[in-house]
Amino acid sequence: MAKTIDVMSLYPKDMNIYGDSGNVLTVTRRLALYGYEPRVTAYNQGDPWPEHIDMVLGGGGQDTGQKKIIDDFFTRADALAALAESGTPMLMICGMYQLFGEYFETVDGTRLDGIGVIPAHTIGRDVRMIGNLVEHSDEFGDVIGYENHSGQTFLRAGVGVRPLGRVDQEGRGNNGEDHTEGARVHNVIGTYMHGSLLPKNPAIADFLIRTAAENRYGEFGTADQTDAQAAELARLDKVAAEARAVAA
Ligand code: GLN
């Protein structure tokens with residue numbers, strides 16, 4: 001019997017712009033092609049908390065979306081922090097990346113406290129950072145996507161958080177000043193990359209999948225994968241590599 005992996009999609013109603021739901025689709029598809037059985041639960045405000053969570057995926061959103069979810073988000077802060085600390089793989093894009101940090105002061109001066117999983121803070125400013133984003137990550141190679149945010153994010157120095165990548169060619173990244181983009185702590189990835197991110201950057205999808213399988217089953221195995229599934233994964237990887245070659 002195929003091994004189940006439980007994926008939680010965090011606030012897809014309010015935190016899902018520029019195709020971020022494509023990340024959920026990509027993880028689901030790749031899990032199935034590796035021979036696993038993906039089980040996706042959407043968590044929106046007021047929903048029951050899933051019993052088992054192997055991976056958490058969160059998308060971007062407008063400041064208004066962030067304000068809408070913030071109260072409910074706080075009721076789940078301890079659960080999410082505990083999952084992060086115990087090594088659950090998580091991908092948080094843009095608006096959710098900001099709220100996984102310590103606080104986000106929006107451009108209208110509203111302070112939204114974050115849950116502090118990522119030691120970083122974000123300050124909204126009038127000029128938005130919009131456009132294609134290309135970065136290099138030591139872990140994942142070239143990563144490509146699209147950014148659109150008012151918030152400038154600053155990682156806290158000296159506490160073990162590192163950027164996801166370095167923006168040398170195209171884009172603004174965390175703040176348009178220090179060339180950093182995104183954040184890595186535990187098995188959590190925060191990033192400004194929309195696009196969707198994962199279809200074009202399968203190395204990141206596979207990091208999330210491998211980590212989830214290792215945490216739950218002690219190893220990442222592909223015993224249930226068919227040859228046709230392996231061939232389809234290779235095809236998807238080739239398409240993604242071509243997209244990255246054009247951009248990078
Ligand atoms: N509202 C946030 C900002 O503008 C996040 C935007 C986003 O998720 N694209 O900085």
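Stretching the chain fully between A241 and E139 yields a gain of 35.1 nm (0.36 nm per residue, less the alpha carbon separation).
Figure the gain on full extension for F74 and D178 (residue separation times 0.36 nm, minus the Cα-Cα span) and round it to one decimal in nm. Write down the numbers at each step before the final one.
On the way: separation 104, 0.36 × 104 = 37.44 nm, distance 3.02 nm.
Value of the extension gain: 34.4 nm.
Applying 0.36 nm per residue to the separation of A81 and N44 and subtracting their alpha-carbon distance, the gain on full extension is 11.6 nm. Treating the chain as a set of equal point scatterers at the Cα positions, no solvent, please give the Debye-formula log₁₀ I(q)/I(0) at q = 0.11, 0.14, 0.15, 0.16 Å⁻¹. Each listed q maps to, in turn, -0.53, -0.88, -1.01, -1.15.
With a 10 Å radius around each residue's Cβ, average the other Cβ atoms per peptide and rank 108-116, 201-209, highest first. Walk me through the intermediate numbers first.
Numbers: 108-116: 14.2, 201-209: 21.8.
Packing proxy ranking, top to bottom: 201-209, 108-116.
Calculated from the alpha-carbon coordinates, region 26-88 shows an Rg and a Dmax of 13.6, 39 Å respectively. Computed about the Cα centre, the dipole magnitude for region 109-205 is approximately 280 debye when only Lys and Arg (+1) and Asp and Glu (-1) carry charge, each at its Cβ.
If Lys and Arg each add +1 and Asp and Glu each add -1, what is the summed charge of the other residues whose beta carbon sits under 14 Å from the beta carbon of V239? Don't jump to the answer; show the numbers that get you there.
Working: positive: R29, R30, K200, R235, K238, R244; negative: E232, D237, E242.
Counting the neighbours of V239, the net charge comes to +3.
Of all DSSP beta bridges confined to region 1-158, the antiparallel ones make up roughly 50%.
Other residues within the sphere of radius under 14 Å centred on the Cβ of I189, judged by their own Cβ, net out at -3 (K and R +1, D and E -1).
Of all the Cα-Cα pairs you can form in region 175-248, what percent are over 16 Å apart?
On the way: 1711 of 2701 pairs.
Cα-Cα pairs in region 175-248 separated by more than 16 Å: 63 percent.
Put simply, when 164-175, 121-132 are sorted by average Cβ atoms within 10 angstrom per residue, most first, you get 164-175, 121-132.
Coordinate-derived values only; no laboratory data. Small disclaimer: the values here were computed from a predicted structure and weren't measured. Counting neighbours? That spans all protein chains shown, and the Cβs are built from the backbone with ideal geometry, glycine included.
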